[in-house]
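Remarks on the structure that follows.
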Amino acid sequence: MSTPAVHIENARVFLGGREILRNINWQVAQGDRCFILGANGAGKTTLVKLLMGYAWPLYGAKIQTLGETFGHVNLVEHRKRIAWVSPFMHQWLGDRSWTGREIVLSGLDGTIGLFRDTTPEEEALALRHMQALRAEHLADRTVVTMSSGEQVKILIARALMTSPELMILDEPSVYLDIAGREYLLRTIADFAATRPDLTIIFITQRIEDILPEFTTGLILKSGEIAASGSRETVLTEENLRHAFDLDIRLIKTDTGRLWTVID
Ligand SMILES: Nc1ncnc2c1ncn2[C@@H]1O[C@H](COP(=O)(O)OP(=O)(O)OP(=O)(O)O)[C@@H](O)[C@H]1O
């Protein structure tokens, strides 16, 4: 069996004196398309921070990503193999009127904004990633004038510049209206089909965001894993009622996508 993309054993995380995550034992295989679902405050972002080495577990835990064990790896270098894309990153854009092209290219330097001249090869690579995400028309637009969905696509293209092996999409559709969300989700799924080697973790609070392409998943509730495994075993009415404390019914469309009805 190949090395899992994510392997966590017995993780427990305290922040500000509060226990935020407990009993976390979780694996994601390489190339998996895995969703993380949970209500506000369930611990989704803290789990991502744990994967990125921005939050640390109590002694006794084991955290591995892409085969490297935390505590025995240079995290600054290791993080270059992992892309964390969050729409909240737009807050880091600052005052400069960066174009889509400049933001995408800056992924090469780990900055948000470009501070050097680029080579024709780098320009061609940036264009290829924007094309794969159907975002090439945004190359010369300033990012601050783009819609939230367009900004997310530029951030995904930026993340791809260093050829990550693991991509974490942290609530990418959170600011989008219905049409924008549908378009972005389809774009991500289509893009994922072109990169079977890339492990993708997709965080969301909304069941309908989880397209059938996401075949494994995890539900967090109050800092604990409430369910994990295949899409079918995780996305059940019973699990969702428990996770969200709501009387949720699921309706499945012909495409296999699930929509919630609250009675
Ligand atoms: N630095 C911190 N100090 C203290 N508590 C924190 C800190 N960061 C997060 N928390 C708390 O940990 C809990 C989990 O937060 P987290 O951001 O991981 O949840 P989430 O599932 O991502 O939520 P959301 O869907 O609202 O983004 C929350 O109760 C939050 O208030």
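Laid out as a table, the results:
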| quantity | calculated |
| --- | --- |
| Accessible solvent surface per residue of the chain, calculated while the other protein chains remain in place, 1.4 angstrom probe, Å² | 47 |
| Percent accessible area from carbon and sulfur atoms, the range 204-263, protein chains only, probe 1.4 Å | 50 |
| Inter-centroid distance (Cα atoms) of the range 129-154 relative to the range 24-42, Å | 27 |
| Relative contact order %, the chain, counting alpha carbon pairs below 8 Å whose residues are six or more apart | 24 |
| Over the range 95-202, relative contact order from alpha-carbon pairs under 8 Å, at least 6 apart, % | 30 |
| Antiparallel %, DSSP beta bridges [both residues in the chain], to 5 | 55 |
| Linear extension gain, Thr233 paired with Asn40, 0.36 nm per residue minus alpha-carbon span | 67.3 nm |
| Along the chain, longest interval not containing exposed chymotrypsin sites (Phe, Trp or Tyr not before Pro), exposed being DSSP loop plus at most 16 other Cβ atoms within 10 Å | 176-263 |
| Cross-link reach list, aspartates and glutamates versus Lys44, counting only Cα pairs under 13 Å and skipping chain neighbours closer than eight places | Asp170, Glu171, Glu224 |
| Paramagnetic label zone (point 7 Å from Cα along Cα-to-C-beta, Arg134; backbone N under 18 Å) in the range 205-236 | 209-214 |
| Three-way shape call for the range 6-236 based on the alpha-carbon gyration tensor, with the a/c threshold at 1.5 | prolate |
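The values are calculated or read from the model by the stated rules, or taken from the named source; none is laboratory data. Keep in mind that this is a model prediction, so the values were computed, not measured. Because the Cβ atoms are built from the backbone with ideal geometry, glycine has one as well, and the counts that use them run over all protein chains shown. SASA here: full protein model, heavy atoms, side chains in, ligands and nucleic acids out. Shrake-Rupley method; radii C 1.70, N 1.55, O 1.52, S 1.80 Å.
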